[in-house]
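Student: Have a look at the structure that comes next, please.
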Amino acid sequence: MDFANIVLLVAAVLVLAYSIAIYNGLITLKHNVRNAWSNIDVLLKQRHDELPKLVAVCKQYMQHEQSTLERVTAARAAVYAANERGDVAAVGASETDLRRTLGKLIALAESYPDLKADKQFAFLRERISTLENTIADRREYYNESVTLNNIRIEVFPDVIIARLFSFKPQRQLDFDQSELADVDVKALFN
């Protein structure tokens, strides 16, 4: 074996090793995205289970607010359905609606002193609030994982391996722009 063949063999081995490293990195990112979504999914299901309890407690006190309670229930069902379909964009839109209706429910609850004093209501409100904050944290991690994945499958030379093995970009979990706007506190008390 002459020197040229040895150089070509070494170069081929290096290219193969580099390609394997790229592939393994892309697989890691893909699984990070799945894992991040699974974390959100668990929290959504936990909140999904808590919301009917909150609505049931509120029904005892809020006889005149039936339409608000029904909107919370409908929004909850929409989030669940979108999540079951795996439609990240629909989950984001449904989440926006659910957060809006849940905020109205909590604001209305302020008008019912007996409800505010109910221990189960206080517990459920705190539990759901904690879940909301955790979902926001997990959403940030999920979106970061998606961004890393999407950048990696577009940069050279990773794009070659990504296309060769059909790696696809992932969708971020985005909420409506109104979620980012300042809350009109004055409107909540009118």
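The values are calculated or read from the model by the stated rules, or taken from the named source; none is laboratory data. The shown structure was predicted, so the numbers you read here are calculated from the model rather than taken from an experiment. Virtual Cβ from ideal backbone geometry, glycine too; neighbours counted across all protein chains shown.
Student: Mind checking which helices (runs of 4 or more DSSP H) fall wholly inside the stretch 113-165 and carry at least 2 residues that are more than 30 Å from Leu51 (Cα to Cα)?
Tutor: On the way: elements: 113-117, 119-152, 158-164.
Result: 119-152, 158-164.
Student: Okay, next question. Does Ser67 count as farther than 18 Å from Arg139 by Cα, polar (S, T, N, Q), assigned to a helix (DSSP H, G or I) and in contact (Cβ under 8 Å) with a residue 24 or more places away in the chain? First the steps, then the outcome.
Tutor: Working: farther than 18 Å from Arg139 by Cα: yes; polar (S, T, N, Q): yes; assigned to a helix (DSSP H, G or I): yes; in contact (Cβ under 8 Å) with a residue 24 or more places away in the chain: no.
Here the answer is no, as Ser67 does not meet what is asked.
Student: So, one more: Report yes if some residue within the stretch 30-40 is surrounded by 14 or more Cβ atoms within 10 Å (Cβ to Cβ) and more than 29 Å from Arg152 (Cβ to Cβ); otherwise report no.
Tutor: no
Student: Can you tell me how many residues in the stretch 63-98 are crowded, with 19+ Cβ neighbours inside 10 Å and basic (Lys, Arg)?
Tutor: 1
Student: Six or more apart or on different chains, Cβ under 8 Å: which pairs go from a residue in the stretch 109-130 that's among the β-branched types (Val, Ile, Thr) to one that's in a helix (DSSP H, G or I)? Could you list them?
Tutor: That search, which allows pairs on different chains as well, returns Ile128/Arg47; Ile128/Glu50; Ile128/Leu51; Ile128/Leu54; Ile128/Leu102.
Student: Separate question: When you scan the stretch 41-49, do you find a residue that is within 21 Å of Ala117 (Cβ to Cβ) and not basic (Lys, Arg), even just one?
Tutor: First pass over the stretch 41-49, keeping only residues within 21 Å of Ala117 (Cβ to Cβ): none.
No, there is no match, as no residue in the stretch 41-49 is within 21 Å of Ala117 (Cβ to Cβ) and not basic (Lys, Arg).
Student: Is there a residue in the stretch 101-108 that is at pLDDT 90 or above, under 22 Å from the mean Cα position of the chain (by Cα), surrounded by 13 or more Cβ atoms within 10 Å (Cβ to Cβ) and aliphatic (A, V, I, L, M)?
Tutor: no
Student: Shifting gears a bit: Has the stretch 21-35 got any residue that is part of a helix (DSSP H, G or I), under 20 Å from Leu115 (Cβ atoms) and hydrophobic (A, V, I, L, M, F, W, C)?
Tutor: Narrowing the stretch 21-35 to residues part of a helix (DSSP H, G or I): 21-35.
When the remaining residues are screened for being under 20 Å from Leu115 (Cβ atoms), the result is none.
Checking the stretch 21-35: not a single residue is part of a helix (DSSP H, G or I), under 20 Å from Leu115 (Cβ atoms) and hydrophobic (A, V, I, L, M, F, W, C).
Student: While we're looking at this one, here's another question. Can you pull out the residues in the stretch 149-170 that are buried (at least 16 other Cβ atoms within 10 Å of the Cβ) and not small (Gly, Ala, Ser)? Can you show your working first?
Tutor: Step one: of the stretch 149-170, the residues buried (at least 16 other Cβ atoms within 10 Å of the Cβ) are 149-150, 152-153, 158, 161-162, 167, 170.
Selection gives Asn149, Asn150, Arg152, Ile153, Asp158, Ile161, Phe167, Gln170.
Student: For the stretch 76-91, indicate whether the set of residues that are of a type in the set (A, V, I, L, M, F, W, C), part of a helix (DSSP H, G or I), more than 12 Å from the chain's Cα centre (by Cα) and under 24 Å from Phe167 (Cβ atoms) is non-empty.
Tutor: Here is the first cut: in the stretch 76-91, the residues of a type in the set (A, V, I, L, M, F, W, C) are 77-79, 81-82, 88-91.
Next, only the ones that are part of a helix (DSSP H, G or I) stay: 77-79, 81-82, 88-91.
Those left that are additionally more than 12 Å from the chain's Cα centre (by Cα): 77-78, 81.
With the extra rule that they be under 24 Å from Phe167 (Cβ atoms), the set shrinks to none.
No, the stretch 76-91 contains no residue that is of a type in the set (A, V, I, L, M, F, W, C), part of a helix (DSSP H, G or I), more than 12 Å from the chain's Cα centre (by Cα) and under 24 Å from Phe167 (Cβ atoms).
Student: Counting just the residues of the stretch 43-62 that are surrounded by fewer than 15 Cβ atoms within 10 Å (Cβ to Cβ), of a type outside the set (S, T, N, Q) and more than 21 Å from the chain's Cα centre (by Cα), which one comes out modelled with the lowest pLDDT? Reasoning before the result, please.
Tutor: In the first step, residues of the stretch 43-62 are kept if they are surrounded by fewer than 15 Cβ atoms within 10 Å (Cβ to Cβ); the result is 45, 49, 52, 56, 59-60.
Subset that is of a type outside the set (S, T, N, Q): 45, 49, 52, 56, 59.
Pick out the ones that are also more than 21 Å from the chain's Cα centre (by Cα) and you get 56, 59.
Values: Ala56: 85, Lys59: 80.
Ranking the candidates gives Lys59 first.
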